[in-house]
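Single-structure report; data block below.
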Amino acid sequence: MVGWPSGGFVGVDIFFVISGFVITASLLREHAKTGHISFTGFYRRRIKRILPASTLTLLITVAAAYFLFGQGRFLSTAFDGLWAFLFSANWNFAAAGTDYFQAAGPVSPLQHFWSLAVEEQFYFVWPWLLLGILLLAVRTGREDYARKMGALGIVIICAASFAWAMLESTSAPTSAYFSTISRAWELGVGALLAFLAPYASRIPFTARRFVAWTGLIGMLASLFIISSKSVFPAPTGLLPVLSAALFIFAGTAASEHPGLQPFTNPVSRYLGDISYSLYLWHFPVIIFAESLVPERNLAFYLSVAAIILAVSAYAYHLVEDPIRKSTWLDPKARVRDKQPMRDSYKLTALSLLAVTSLAVSGLALSQPAQVPEASITLPVPTASENVDASTAAGALAVEIRAALTATEWPAFDPPIGNMANQRVPQWTENGCLDVTAGNLDKCVYGSADAAKTAVVMGDSIATSWLPAVIGALEPAGYRIQALTKQACPVAWAKVFPSQNSSTPYDACTAHQAWAAETVKGMNPDLIILSDSALSLKRLVSNAEGPAAGDEWSTAYGAALDSLPPSSQVITLVTPPGAKNMQECYTPLSSPSDCSGSITREWETLKTTEAAATTAKGKTFIDTKDWFCLEGTCPSFAGNRAIYADAGHLTGIFSAELAPVVAEAFTKAGVPGL
């Protein structure tokens with residue numbers, strides 16, 4: 001919620017170790033007592049423990065999303081809820097995280113269900129594997145030998161999973177993060193502890209205490225040492241996983257733990273009791289709170305924490321615990337008192353009714369009126385606001401100012417739904433987000449007989465400019481070729497593929513070299529360059545501030561030097577961007593909630609690219625006034641969304657910019673305009 005500590009997400013890894021230990025220990029006790037493992041009993045307990053509480057969370061979260069989110073984000077949340085209910089959320093989020101557009105979208109309030117999915121997928125298979133290991137091991141008739149053989153089997157499974165995680169963490173880090181295969185070793189380490197637990201008593205108390213503190217320090221250190229740029233879950237995940245294993249192992253041989261009272265006192269035990277409900281409810285509460293309350297201060301954080309604790313305690317005492325202790329799915333225990341279960345049903349129904357009633361009331365009070373167009377009263381223009389509305393740029397400036405003074409949302413056309421459908425067609429239909437020699441012919445526009453040729457180079461920002469560039473140049477007799485690649489800037493700087501990656505984007509370096517050779521062979525009349533300001537946050541050098549600007553200036557100059565000297569070159573600086581409409585457009589929001597401001601990265605990009613471009617005798621076009629007024633940038637103009645996310649132009653708006661781009665190209669002396 002506050003982004004601190006940087007490695008807060010390792011709590012999931014620690015949880016996996018604890019879960020693997022607790023579940024395997026219970027299965028081993030059952031096997032030792034009865035000589036077998038009851039699969040029906042195991043899965044009945046898992047269903048009673050997991051399903052009712054998680055289903056309640058899913059239902060209420062999706063219902064709340066209907067009233068608090070815009071249509072597009074609600075549908076996305078409902079889709080996530082279906083995957084979560086099927087305990088497959090990790091694969092859904094892995095697919096979304098590797099989708100270039102979805103990765104930049106708003107965070108799902110159900111994203112945390114990925115770890116529950118990993119856990120349940122593991123336990124769908126693990127009892128059967130465990131039984132197989134035990135059957136092979138107990139043939140010797142020696143319990144000690146059976147435990148050692150069982151532990152050896154788990155070590156082999158963990159080693160295979162860890163090896164896969166090592167490979168995938170560098171080649172496909174997003175998939176590795178969510179993958180059950182890449183996470184199985186963490187649960188396996190916990191399972192291994194269950195086999196080794198009897199040996200803990202052979203270790204002297206002083207040594208066990210040292211082991212416990214070593215594990216505790218390791219877990220705390222991992223919270224601060226590990227960050228989103230760490231190679232994860234392997235090998236970096238070893239620190240929290242092995243630290244948790246040491247802490248658990250040291251505690252298996254004693255009921256008292258002197259010196260560890262902060263973790264064994266009644267408050268800590270109670271938080272441990274309600275930990276599953278805390279897990280279920282913390283993320284939806286945070287996401288909804290952040291969408292409703294834009295201000296972040298101490299009162300906000302304390303209020304959110306209090307709500308999480310209250311809702312979790314309520315869910316535990318009135319839903320989770322009564323159902324877990326009930327006779328549901330336990331036909332042999334029907335003679336027990338059923339009153340707790342009946343009370344839980346009643347309270348759950350009342351909870352759902354209360355939430356639904358509050359949501360309906362909130363909708364009635366907050367739903368904006370559906371009007372053809374927002375009623376806007378414009379202030380009297382000052383001298384600085386006077387524009388020539390007879391020009392395309394002037395008419396656009398009037399719309400930008402109107403959007404910034406609007407108090408109600410317009411009736412969007414097309415509606416604000418799934419914004420992915422509003423991306424430029426060259427992205428969604430032609431595959432020009434990644435132009436290669438194989439699809440070069442699919443990313444060329446205009447008549448084959450055109451007398452002049454233009455090339456558009458850069459990353460996905462350049463791709464989103466294509467409708468505007470095509471609309472400006474094709475009528476003037478140009479054939480336009482795209483040489484674009486996602487997350488790959490014009491500047492010849494070494495970058496990571498994403499801000500959370502730690503592996504250099506070698507595919508981008510290769511594309512830049514290929515594109516330079518390709519454009520030399522084409523020797524076009526005109527070359528248009530554009531790239532994202534966010535690339536400044538992905539430098540392999542980790543340079544920031546002025547150092548990042550200096551590196552970018554040098555790298556951009558090198559890219560300009562690689563272009564044919566006879567071509568006219570124009571740098572079209574990236575749109576400044578605004579807030580993501582998928583996230584900020586809700587029944588409770590107003591237009592100002594979605595306005596953005598000029599970022600430091602954008603200013604650095606503009607300054608460095610302008611200086612490098614003009615120093616080489618090329619043309620630089622500042623697009624800020626097309627999207628912003630006095631440093632504030634709306635998310636819409638007229639009744640059209642400007643951006644499909646927080647920075648990429650929609651197909652419709654990009655096409656409508658064609659006259660504006662044509663005017664700018666005319667001023668730049670582009671032939672034929």
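Within the range 196-217, can you find the residues that are over 22 Å from I14 (Cα atoms) and among the basic types (K, R)? Residue satisfying the conditions is R202 alone. Taking the range 602-622 as the range and being within 29 Å of the chain's Cα centre (by Cα) and either buried (at least 17 other Cβ atoms within 10 Å of the Cβ) or under 14 Å from R401 (Cα atoms) (or both) as the test, the residues that pass are W602, T604, L605, K606. For the residues I598, I570, the requirement of being in contact (Cβ under 8 Å) with a residue 60 or more places away in the chain, touching a strand residue (DSSP E or B) at 6+ places or on another chain (Cβ under 8 Å) and of a type in the set (V, I, T) singles out I570.
A search for C-beta distances below 7 Å between a residue of the range 20-48 that is touching a residue at least 40 places away in the same chain (Cβ under 8 Å) and under 20 Å from T327 (Cα atoms) and any residue that is of a type in the set (D, E, K, R) and part of a helix (DSSP H, G or I), counting only pairs 6+ apart in sequence or on different chains, returns K48/R324. In the set (1) over 27 Å from C432 (Cα atoms); (2) part of a helix (DSSP H, G or I), G669 fails one condition alone, (2).
P233 meets the conditions (1) crowded, with 23+ Cβ neighbours inside 10 Å; (2) in a helix (DSSP H, G or I) in every case but one. The failed one is (2). So is S19 of a type in the set (S, T, Y) and touching a Gly at 6+ places or on another chain (Cβ under 7 Å) or not? It is true that S19 is of a type in the set (S, T, Y) and touching a Gly at 6+ places or on another chain (Cβ under 7 Å). In the range 397-415 there is no residue matching the filter, namely being outside any loop (DSSP other than H, G, I, E, B), assigned by TED's automatic domain parsing to the domain that holds A655 and buried (at least 16 other Cβ atoms within 10 Å of the Cβ).
Does T604 fit the bill of being within 13 Å of T574 (Cα to Cα), modelled with pLDDT of 95 or more and part of a helix (DSSP H, G or I)?
Working: within 13 Å of T574 (Cα to Cα): yes; modelled with pLDDT of 95 or more: yes; part of a helix (DSSP H, G or I): yes.
Yes, satisfied.
Report yes if A487 is of a type outside the set (K, R), at negative phi and either crowded, with 24+ Cβ neighbours inside 10 Å or within 20 Å of the chain's Cα centre (by Cα) (or both), otherwise no. In short, no. Of all residues in the range 269-302, those being surrounded by 13 or more Cβ atoms within 10 Å (Cβ to Cβ) and either of a type in the set (A, V, I, L, M, F, W, C) or within 19 Å of the chain's Cα centre (by Cα) (or both) number 18.
For A253, the criteria (1) small (G, A, S); (2) modelled with pLDDT under 90; (3) within 26 Å of the chain's Cα centre (by Cα) hold in every case but one, which is (3). With the condition kept exactly as written, say whether any residue in the range 632-645 is closer than 14 Å to E474 by Cα and surrounded by 24 or more Cβ atoms within 10 Å (Cβ to Cβ). Checking the range 632-645: not a single residue is closer than 14 Å to E474 by Cα and surrounded by 24 or more Cβ atoms within 10 Å (Cβ to Cβ). In this structure, does R183 turn out to be in contact (Cβ under 8 Å) with a residue 24 or more places away in the chain, among the charged types (D, E, K, R) and farther than 30 Å from F113 by Cβ? Here the answer is no, as R183 does not meet what is asked. The set of residues in the range 525-550 being out of contact with any helix residue (DSSP H, G or I) (no Cβ under 9 Å at 6 or more places or on another chain) and either of a type in the set (D, E, K, R) or within 16 Å of T484 (Cα to Cα) (or both) consists of D525, R538.
Going by what's in this entry, would W552 be described as assigned by TED's automatic domain parsing to the domain that holds S501, more than 21 Å from A513 (Cβ to Cβ) and buried (at least 22 other Cβ atoms within 10 Å of the Cβ)?
Details: assigned by TED's automatic domain parsing to the domain that holds S501: yes; more than 21 Å from A513 (Cβ to Cβ): no; buried (at least 22 other Cβ atoms within 10 Å of the Cβ): yes.
No: the conditions fail for W552.
For the range 644-673, a residue qualifies if it is under 18 Å from D459 (Cα atoms) and of a type outside the set (A, V, I, L, M, F, W, C), and the qualifying residues are D645, G647, H648, T650, G651, S654. Screening the range 527-567 for residues that are among the polar types (S, T, N, Q) and out of contact with any Pro (no Cβ under 8 Å at 6 or more places or on another chain) and picking the one that is farthest from C594 (Cα to Cα) gives S566.
A count restricted to the range 627-672 and to residues that are over 13 Å from E399 (Cα atoms) and either free of Cβ contacts under 8 Å to residues at least 24 places away in the same chain or not hydrophobic (A, V, I, L, M, F, W, C) (or both) stands at 17.
Do we have S447 as among the hydroxyl-bearing types (S, T, Y), within 30 Å of P564 (Cα to Cα) and modelled with pLDDT of 80 or more here? When the stated conditions are applied, S447 passes them. Of the helices (runs of 4 or more DSSP H) lying entirely inside the range 456-570, those containing at least 2 residues that are at pLDDT below 95 and more than 18 Å from F665 (Cβ to Cβ) are 545-561.
Determine whether the range 575-593 contains at least one residue that is in a helix (DSSP H, G or I) and either of a type in the set (G, A, S) or under 23 Å from K485 (Cα atoms) (or both).
Filtering the range 575-593 down to residues in a helix (DSSP H, G or I) leaves 581-584, 591-593.
Remaining after also requiring either of a type in the set (G, A, S) or under 23 Å from K485 (Cα atoms) (or both): 592.
Yes, because at least one residue in the range 575-593 is in a helix (DSSP H, G or I) and either of a type in the set (G, A, S) or under 23 Å from K485 (Cα atoms) (or both).
The values are calculated or read from the model by the stated rules, or taken from the named source; none is laboratory data. Just so we're clear, the structure is a prediction, and the values are computed from it rather than from any experiment. All Cβ positions, even for glycine, are placed from backbone atoms using ideal geometry, and neighbour counts span all protein chains on display.
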